[in-house]
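The values are calculated or read from the model by the stated rules, or taken from the named source; none is laboratory data. Keep in mind the model is a prediction, meaning the values are calculated, not measured. Glycine gets a Cβ as well: all are built from the backbone with ideal geometry, and neighbour counts include every protein chain shown.
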Amino acid sequence: MKKVLVLAETRDGQLRNVSLEALAAAQVLAEGGEVVAALFGPDSGAHAATLGHHGAGTVYVADHAALAQYTPDAYVQALKQLIDHVSPDAVVLGHTAIGRDVAPRVAARLGYGLISDVTALEPGPVFTRPIYAGKAFQKRKFSDGMIMITIRPNNIPAAAADTGKTATVVPFDVEIKDLRSIVKEVVRKTSGKVDLSEAKIIVSGGRGVKSADGFKPLYELAEVLGAAVGASRGACDADYCDYSMQIGQTGKVVTPDLYIACGISGAIQHLAGMSNSKVIVAINKDPEAPIFQVADYGIVGDLFEVVPLLTAEFKKV
Ligand code: FAD
């Protein structure tokens with residue numbers, strides 16, 4: 001029986017779904033032992049009850065003002081102090097912008113290993129993670145020491161909430177000093193209402209949309225499906241949309257239940273960011289486009305005809 005610590009994350013005041021997935025992973029690693037969670041930042045404690053419903057027995061809340069916005073200095077100090085205090089056997093974070101940044105820093109300072117971007121875990125524990133831009137998967141184990149992993153969003157299912165389960169909330173005083181960076185303002189560019197990295201459905205546009213206006217039918221389809229809108233780098237480079245929407249090797253890595261690629265050729269660098277989506281639909285007027293090799297469903301046609309037809313049909317459902 002082990003003690004496992006989860007660093008839960010909030011964004012715009014909302015608890016991120018990957019934190020609930022991290023709790024599910026933590027329960028596997030704990031082997032019936034103790035799962036504890038941490039919330040950083042003022043007002044973050046409001047989410048302690050939800051973490052309890054999803055399996056955290058104790059929630060440590062560090063509401064220091066320096067944790068209001070992510071900075072590596074503050075988060076590294078807070079997480080390291082918490083690990084020293086809790087002495088967990090394993091630490092689980094989301095493979096998010098924050099998790100990817102803070103986990104290796106803390107692992108290096110503590111002298112432990114880190115397995116990042118975990119997509120599955122099995123007793124042992126053995127961790128599966130993609131390599132070679134998603135073309136292959138490797139299985140990894142820790143030889144000894146504390147286990148530290150980041151999990152890719154949308155891969156390890158969160159457990160259903162049990163409102164009968166409650167967590168003990170423990171305020172945790174952290175000492176944060178010598179900050180080398182301070183966030184003064186956050187200007188967020190988003191592709192829509194749904195966060196791309198956690199979206200269950202993504203409608204994505206490539207150079208085939210031909211202009212910024214060409215994205216309009218994609219937004220309409222996304223609205224009907226409750227989807228996020230993404231893009232290829234081709235579309236971003238052509239200034240049809242913002243780089244925050246880019247999916248791929250040098251953009252965001254996504255694993256939605258449904259990925260609809262519109263006017264995207266399927267370059268290897270794009271596939272690196274989306275080929276693990278559960279169902280891929282490709283709309284492209286070139287029947288030879290490489291995207292069809294990874295697509296579960298392919299529609300050879302003009303996206304400006306096909307996408308509005310799909311929108312109209314989904315509106316009927
Ligand atoms: P294109 O390859 O030009 O494809 C456009 C497609 O639209 C074509 O297949 C065409 O048949 C189709 N089309 C045109 N009109 C229509 C229509 N009316 N209806 C239907 N289909 C239509 N790319 C990424 O996406 N993400 C990355 O992270 C990324 N990282 C990179 C990193 C490096 C180091 C390098 C070198 C490249 C990277 N790229 C990345 C770029 C990548 O190689 C491709 O250039 C890019 O993905 C192409 O974008 P695209 O598919 O939108 O454009």
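Numbers below:
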quantity	calculated
Residue among Val86, Val35, Val91, Val59 that alone is of a type in the set (A, V, I, L, M, F, W, C) and within 18 Å of the chain's Cα centre (by Cα)	Val91
For Ala295: the one exception among (1) crowded, with 20+ Cβ neighbours inside 10 Å; (2) near the ligand (Cβ under 9 Å from one of its atoms); (3) of a type in the set (Gly, Ala, Ser)	(2)
Residue within the stretch 146-162 that is over 20 Å from His47 (Cα atoms), among the charged types (D, E, K, R) and assigned to a strand (DSSP E or B) present	no
Residue in the stretch 256-275 that is touching a residue at least 40 places away in the same chain (Cβ under 8 Å), in a strand (DSSP E or B) and out of contact with any helix residue (DSSP H, G or I) (no Cβ under 7 Å at 6 or more places or on another chain) present	yes
Exclusive hit being under 26 Å from Val186 (Cα atoms), modelled with pLDDT of 95 or more and out of contact with any Gly (no Cβ under 8 Å at 6 or more places or on another chain), set Ala30, Ala25, Ala78, Ala56	Ala78
Qualifying residue in the stretch 189-205 (condition: among the hydroxyl-bearing types (Ser, Thr, Tyr), in contact with an Asp or Glu (Cβ under 8 Å, 6 or more places away or on another chain), touching a residue at least 12 places away in the same chain (Cβ under 8 Å) and within 16 Å of the ligand (Cβ to nearest atom))	yes
In the stretch 206-252, residue nearest to His95 (Cα to Cα) [restricted to those that are part of a loop (DSSP other than H, G, I, E, B), more than 8 Å from the ligand (Cβ to nearest atom) and not small (Gly, Ala, Ser)]	Asp242
Pairs with Cβ under 7 Å, 6+ apart, first in the stretch 277-294 and part of a loop (DSSP other than H, G, I, E, B), second within 13 Å of the ligand (Cβ to nearest atom) and polar (S, T, N, Q)	Ala289/Ser265; Pro290/Ser265
Selected residue (criterion: nearest to the chain's Cα centre (by Cα)) from residues of the stretch 209-228 that are of a type outside the set (D, E, K, R) and closer than 17 Å to Ser265 by Cα	Leu218
Members of the stretch 101-121 found to be in a loop (DSSP other than H, G, I, E, B) and either under 11 Å from the mean Cα position of the chain (by Cα) or closer than 13 Å to Ala25 by Cα (or both), listed by number	Thr119
Conditions (1) in contact (Cβ under 8 Å) with a residue 40 or more places away in the chain; (2) over 30 Å from Ala158 (Cα atoms); (3) of a type outside the set (Val, Ile, Thr); (4) out of contact with any Pro (no Cβ under 6 Å at 6 or more places or on another chain): number failed by Pro217	(4)
Every residue from the stretch 133-178 that is of a type in the set (S, T, N, Q) and within 12 Å of Val118 (Cα to Cα)	Gln138, Thr150, Asn154, Asn155
Residue in the stretch 260-276 that is farthest from the ligand (Cβ to nearest atom), counting only those that are buried (at least 24 other Cβ atoms within 10 Å of the Cβ) and over 13 Å from Gly206 (Cα atoms)	Met274
From Gly145, Gly113, Gly124, Gly94, residue being over 28 Å from Leu196 (Cα atoms) and touching a helix residue (DSSP H, G or I) at 6+ places or on another chain (Cβ under 8 Å)	Gly113
